[in-house]
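To keep things clear, I will list the structure first and then write my remarks on it.
The values are calculated or read from the model by the stated rules, or taken from the named source; none is laboratory data. Just so it is clear, the model here is predicted, and its values are computed rather than measured. Cβ: placed from backbone, ideal geometry, glycine included. Neighbour counts: every protein chain shown. Heads up: the accessible areas ignore ligands, DNA and RNA and are worked out on the full protein's heavy atoms, side chains in. Shrake-Rupley method; radii C 1.70, N 1.55, O 1.52, S 1.80 Å.
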Amino acid sequence: MPYIKSYEVFALTRAHTVLATHYDPNPKQERTHIIVKLVDENGNCGYGETTPLLEFTGENPDIVKLVLETIIMPHIVGLNSSDIAAAHVRMDLLTPGNYGAKNAVDNAMYDLLAKELQVPVYTLLGGKCRDAVIFNRHIGTMSTKDAAAIACVYRDQGIRTVKMKVGGASVQEDIKRVRTVREIVGPMVNIRIDANQGFSYPDACEFIKGVYDCNIEYYEQLLPQWDLKSAHDLRTTYGIPLLADESCHSVFDVMKLAEHGSADAITIKLCKCGGLYPALRVAGTAEAYQMNVVVASTFDTHIGCSACLHLASALPNCTHSCDLTTFPAQSDNASHGHLLRSADVCVGDIPGFGVTDMFDFSMS
């Protein structure tokens with residue numbers, strides 16, 4: 001395979017609908033994305049992206065860009081695009097953590113290798129298990145009236161799963177909002193709850209009791225990430241399905257969750273685990289413990305969201321809806337080879353991630 005000859009690191013800031021959550025009730029409605037461009041000796045280009053979450057990995061865009069430019073990228077030049085495992089070994093020796101930065105490199109190498117081989121990225125991940133991936137739509141922490149209005153729109157669009165943020169100032173308000181949305185969307189639409197670690201154990205108990213008859217698909221990260229014992233207690237006391245996000249970054253985390261009986265499924269965010277290569281190992285470990293996975297984009301551009309789409313299409317144990325919000329929410333911001341439908345995205349066959357042009361960003 002041709003070797004990597006050069007690289008560029010870009011910061012791209014653009015408007016994006018960012019959810020109000022326990023972390024930030026009034027978030028700025030824009031995101032900054034860090035894009036890595038790799039060029040091989042034949043002139044092929046591969047693109048990778050990280051849109052970091054400070055609360056998850058301790059990285060912001062400035063940190064990611066600095067680590068890439070001053071520590072990681074000079075050591076990627078000269079590798080073959082197929083040397084993805086070697087690149088991870090090299091990156092881990094250069095710096096601990098910084099998984100968002102490593103994810104951008106990992107993704108760019110997969111995109112470059114797939115373009116060199118003229119295959120879609122899912123081929124490099126083992127091939128497709130499914131042609132289309134269902135996406136969920138979100139309702140942030142807001143008034144019950146506003147949540148009801150958004151739920152009506154999603155219902156009429158044919159959305160199959162609604163993910164609701166909770167864990168705000170009032171447990172009873174959270175309960176009221178969820179019950180109202182359940183009434184509006186009806187029994188055929190899944191509702192997934194995400195507290196982003198926002199509940200104490202007593203608050204979580206109160207909330208579960210208040211929505212117990214609402215047929216919740218998953219309760220995601222109700223408690224602080226370290227409190228695996230209490231998560232186990234919730235799961236066994238109330239018989240509810242728990243989805244771990246902040247608690248799960250690595251293979252070791254999956255093993256801890258399984259051994260404590262603290263989760264039924266895990267959320268894979270590429271910026272948490274460091275890219276597609278480690279994500280495959282995380283998902284495989286979850287499968288060994290008979291745990292499902294949900295793949296979640298982090299308000300990415302279509303580059304990062306397409307990486308998530310390819311991964312979700314390739315994982316045997318990714319059978320529920322995934323966070324691929326960029327496709328329905330920002331459909332005009334890129335040209336790509338994927339087919340957006342009312343409630344899912346069909347992964348395309350264009351080589352690489354399938355993104356051919358980006359709004360406000362050259363894909364040359």
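How high is the relative contact order of segment 228-337, in percent, with contacts defined as C-alpha pairs under 8 Å that are six or more residues apart?
Working: 151 pairs, mean separation 23.1, N = 110.
Relative contact order, segment 228-337: 21 percent.
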Around residue 175 (Cβ within 10 Å, Cβ-to-Cβ, excluding residue 175; K/R +1, D/E -1) the net charge comes to +1
For a quick check of understanding: with a 1.4 angstrom probe and all protein chains in place, what accessible area in square angstrom does residue 160 have, to the nearest ten? 110 Å²
Comparing 269, 163, 28 in a Gaussian network model of the chain (Cα, 10 Å), the one with the largest mean-square fluctuation is 28
Give the calculated FRET efficiency between residue 213 and residue 287 to the nearest 0.05, with a Förster radius of 25 Å applied to their Cβ-Cβ distance. 0.20
GNM result for the chain, Cα springs below 10 Å: residue of 99, 201, 219 fluctuating most strongly: 201
Which whole-angstrom value gives the distance between the alpha carbon centres of segment 285-364 and segment 157-182? 25 Å
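Checking the a/c ratio against 1.5 first, then a/b against b/c, what shape does the Cα gyration tensor give for the chain?
Prolate shape, in that a/c is at least 1.5 and a/b is the bigger ratio.
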Give me the extension gain from residue 201 to residue 14: residue separation times 0.36 nm, minus the current Cα-Cα distance, reported in nm with one decimal. 63.6 nm
Taking every alpha carbon pair in segment 150-284 and sorting the distances into 10 angstrom bins from 0 up to the bin holding the longest one, the percent per bin comes out as 12, 41, 32, 14, 0
Equivalent ellipsoid, segment 35-129 (semi-axes from 5 times Cα gyration tensor eigenvalues, Å): 23, 15, 12
Give me the net charge of residue 39's neighbourhood, meaning all other residues with Cβ under 14 Å from the Cβ of residue 39; Lys, Arg count +1, Asp, Glu -1. -2
Scoring only Lys, Arg, Asp and Glu (+1, +1, -1, -1) among other residues with Cβ under 15 Å from the Cβ of residue 83 yields -3
Could you pull the Rg and Dmax for segment 237-364, using just the Cα atoms, both in Å? 15.5, 55
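Using a 1.4 angstrom probe with every protein chain in place, what is the largest-first accessible-area order of 137, 179? It would help to have the intermediate numbers written out before the result.
Values: 137 35, 179 95 Å².
From most accessible down to least: 179, 137.
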Computed [θ] at 222 nm, helices only, for the chain once each DSSP H run of length n ≥ 4 contributes -39500 (n - 2.57): -11500 deg cm²/dmol
Compactness check, segment 219-263: C-alpha Rg relative to the 2.2 N^0.38 Å globular estimate gives 0.99
What does the extension gain come out to for residue 42 and residue 188, with contour length at 0.36 nm per residue minus their alpha carbon separation? 47.4 nm
Roughly how many nanometres apart are two label points built 7 Å out from the Cα toward the Cβ at residue 255 and residue 92? 1.2 nm
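Counting only protein heavy atoms, what percent of the accessible surface of the chain is carbon or sulfur at a 1.4 Å probe?
Values: 7250 of 14000 Å².
Roughly 52 percent of what the probe reaches on the chain is carbon or sulfur.
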Can you pull the accessible area of residue 233 for me, 1.4 Å probe, Å² to the nearest 10? 40 Å²
Taking Cα atoms of segment 1-58, Rg/Rh with Kirkwood Rh, to two decimals? 1.17
